[in-house]
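Please read the structure below before turning to the comments.
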Amino acid sequence: LDMEFTGLHSTSLQNSEPSLFDSPAERYVKARQSVQHFTLVQLGLAIFSKENSNKYVVHSYNFFLFPSTLGKRDVEFTLSASSIQFLSHYGFDYNKFFKDGIPYMNEVQEEMLRQQLLAGTWKICSMSNADRDILKKAIDEVTSWIAAAKEEDTMILQDLNGYHMLEVQLVLRQALENVWTEPLGDTKVVVKKVSPEHRQLLENSSHDPCQKKLILLSARGFTNLFHILVKAKKPLVGHNMLMDLMHLHDKFYRPLPESYEEFKKNIHNLFPVIIDTKTVTKYVQKKCLFPRVSSLLEVYAVLCSSNPDPKGPPYPVIALASDCSRYAEKKIPHEAGYDAFLCGSVLLMSAHLLLCRSTDDAVEADPSFSQYLTVLAEHVNKVNFIRGGVPSINFSGEDAPCRHPPALVVHVRGWSGLTERQIYEEFKAHCRFDVRRLSENQFILLSNKYKQLVLRNYRHHPHLQVSVYRHWRHSPSVNCLLQISGIVALWSLLAFVLGGARSC
């Protein structure tokens with residue numbers, strides 16, 4: 001599975017950028033705010049089915065998604081200029097997103113729509129003027145026709161598509177009590193003039209294409225497929241998939257909870273087996289001394305060019321199904337369906353490589369997927385954690401304790417009013433640091449690439465003194481404890497001396 005979003009980190013939110021100081025719970029709070037601001041534009045799904053002779057056939061799908069507009073409450077989301085520019089660079093089709101995006105909703109939105117349909121208080125929150133024009137044109141045509149029409153006369157509305165087929169029927173039925181509507185193919189609607197009595201009979205018929213349950217089914221859109229995925233309980237594979245999982249929860253299941261632990265529990269209940277290829281490939285790079293590459297496409301290329309084991313069986317054959325062969329002909333990075341295909345392929349090749357190198361015995365020519373899962377066991381439900389205090393988030397247990405890289409402490413002298421941003425700008429030329437204020441005149445710097453150069457360059461700086469952070473020396477809590485201990489010791493000494501003087 002892979003997703004593309006309208007943005008990743010909201011600049012309108014304070015302290016929303018990932019930081020090396022973050023614990024998993026702190027990062028979740030930051031990411032939760034961003035997920036609530038942005039939405040999905042595309043979801044890719046690749047289904048790998050094992051055949052005989054060590055062969056996997058892949059059906060890869062690419063879904064353009066757009067929030068459901070049926071219901072009283074309109075959905076708002078933000079666009080990040082950098083994300084939109086990034087997707088545009090890779091040929092993303094925004095017309096498909098806005099015009100043909102498949103609707104979706106979570107359980108809370110679905111329940112609200114169900115109550116509105118039962119009460120007859122629903123309405124359509126159309127996104128664009130174009131949608132309103134289509135509805136207005138249909139209503140104008142029918143109202144002009146119906147005045148002179150006789151009962152049982154019909155007319156046909158043409159050139160409708162997708163969601164408009166349902167919207168036009170619902171609007172006409174609500175506006176005119178003496179019409180009946182039925183779809184005709186994928187782009188036409190038949191409008192029939194009927195008596196109110198006949199209309200009531202038709203509404204109670206089980207053949208009504210606009211039954212409330214069918215309206216809900218249509219409004220749920222992609223969420224129906226999400227429920228099928230949840231029910232299937234198959235291993236869910238992604239790459240750097242924390243944000244993917246958060247959007248899955250928020251857009252198709254329930255709004256993200258405030259509690260980080262509740263989020264982890266919910267995801268584990270929905271998808272008991274999660275595998276993040278970023279976590280797996282980081283381990284493979286160390287274990288097999290592969291070149292360090294970051295992008296999914298680069299990882300795929302490295303694995304394809306490697307030899308799993310000259311004495312063992314070759315990689316499993318991965319073949320795109322005949323009706324899903326587009327990705328066999330060309331590489332389309334950052335199209336969600338293509339990246340989903342890469343994810344599954346990288347997982348199979350990585351698992352095969354680890355299986356071949358995990359034992360001195362010969363690996364059978366046709367390893368089962370269960371064998372692959374066994375060799376991947378320590379990585380299952382471990383989702384990569386970017387720039388933080390732990391390497392991964394554990395969705396089936398407690399996270400590892402936070403371990404930060406060596407820190408530097410900056411002591412400011414004679415330069416009042418310095419902010420974290422100013423400190424960051426001062427040091428960014430040397431290395432990418434994350435900055436946090438320690439006290440009024442002290443700041444901590446964290447970096448994955450610790451550099452002695454900074455210590456040397458600032459040895460004689462007139463205002464900034466840089467040293468290695470020592471908890472016992474620089475921690476405000478330790479200093480406070482030492483001060484309190486010193487005061488207590490001093491009072492004890494005074495009490496002892498004064499008490500001894502009186503006894504003399």
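The set of residues in region 140-153 being in contact (Cβ under 8 Å) with a residue 24 or more places away in the chain and open to solvent by 80 Å² or more (accessible area, probe 1.4 Å) consists of K150, E151, E152. If you go through region 308-332 and pick out every residue that is open to solvent by less than 90 Å² (accessible area, probe 1.4 Å) and without any contact (Cβ under 8 Å) to a residue 12 or more places away in the chain, you end up with 2. Residues in region 160-184 that are touching a Pro at 6+ places or on another chain (Cβ under 7 Å) and of a type outside the set (S, T, Y) were compared, and the one that is most open to solvent (accessible area, probe 1.4 Å) is E177. Only one entry in L342, L355 is open to solvent by less than 50 Å² (accessible area, probe 1.4 Å), more than 17 Å from E51 (Cβ to Cβ) and without any contact (Cβ under 8 Å) to a residue 24 or more places away in the chain, namely L355. Residue count for region 1-46, restricted to those that are part of a loop (DSSP other than H, G, I, E, B) and either among the acidic types (D, E) or touching a His at 6+ places or on another chain (Cβ under 6 Å) (or both): 4. Give the number of residues within region 358-403 that are open to solvent by less than 20 Å² (accessible area, probe 1.4 Å), modelled with pLDDT of 90 or more and aliphatic (A, V, I, L, M). Within region 358-403, residues that are open to solvent by less than 20 Å² (accessible area, probe 1.4 Å), modelled with pLDDT of 90 or more and aliphatic (A, V, I, L, M) number 3.
Among the residues making up region 404-419, those that are open to solvent by 70 Å² or more (accessible area, probe 1.4 Å) and either out of contact with any strand residue (DSSP E or B) (no Cβ under 9 Å at 6 or more places or on another chain) or at pLDDT below 85 (or both) are H404, P406, G414, W415, S416. Might you check whether a residue that is over 29 Å from E107 (Cβ atoms), at pLDDT below 90, assigned by the TED database to the domain that holds T154 and open to solvent by 40 Å² or more (accessible area, probe 1.4 Å) occurs anywhere in region 207-214? Scanning region 207-214 turns up no residue that is over 29 Å from E107 (Cβ atoms), at pLDDT below 90, assigned by the TED database to the domain that holds T154 and open to solvent by 40 Å² or more (accessible area, probe 1.4 Å).
Determine, yes or no, whether L157 is in the same structural domain as N269 (by the TED database), open to solvent by less than 20 Å² (accessible area, probe 1.4 Å) and on the phi < 0 side of the Ramachandran plot. Taking the combined requirement at face value, the residue does not satisfy it. Figure legend. Inter-residue proximity from region 87-107: first residues on the phi > 0 side of the Ramachandran plot, second residues of a type outside the set (A, V, I, L, M, F, W, C) and open to solvent by 60 Å² or more (accessible area, probe 1.4 Å), beta-carbon distance below 9 Å, spacing 6+ or different chains. Indicated pairs: G91/H334. Restricting to region 425-436, name every residue that is part of a helix (DSSP H, G or I) and touching a helix residue (DSSP H, G or I) at 6+ places or on another chain (Cβ under 8 Å). The one that is part of a helix (DSSP H, G or I) and touching a helix residue (DSSP H, G or I) at 6+ places or on another chain (Cβ under 8 Å): F427. Checking L201, L289, L217 one by one, the residue that is out of contact with any Lys or Arg (no Cβ under 7 Å at 6 or more places or on another chain), open to solvent by 70 Å² or more (accessible area, probe 1.4 Å), aliphatic (A, V, I, L, M) and not in a helix (DSSP H, G or I) is L289 and no other. Every listed requirement among (1) loosely packed, with under 15 Cβ neighbours inside 10 Å; (2) among the β-branched types (V, I, T); (3) closer than 21 Å to V390 by Cα is met by I444 save one, (1). Scanning region 220-246 for residues that are of a type outside the set (A, V, I, L, M), closer than 23 Å to V346 by Cα and in a helix (DSSP H, G or I) yields one hit, D244. Can you pull out the residues in region 45-61 that are under 18 Å from H334 (Cα atoms) and either buried (at least 23 other Cβ atoms within 10 Å of the Cβ) or charged (D, E, K, R) (or both)? Passing the criteria: A46, S60.
The values are calculated or read from the model by the stated rules, or taken from the named source; none is laboratory data. It should be emphasised that the depicted structure is a prediction, and the values quoted were computed from it without experimental measurement. Methodologically, a virtual Cβ is constructed for each residue, glycine included, from the backbone with ideal geometry; neighbour enumeration extends over all protein chains shown. Calculation scope for accessible area: heavy atoms of the full protein, side chains included, ligands and nucleic acids excluded. Shrake-Rupley method; radii C 1.70, N 1.55, O 1.52, S 1.80 Å.
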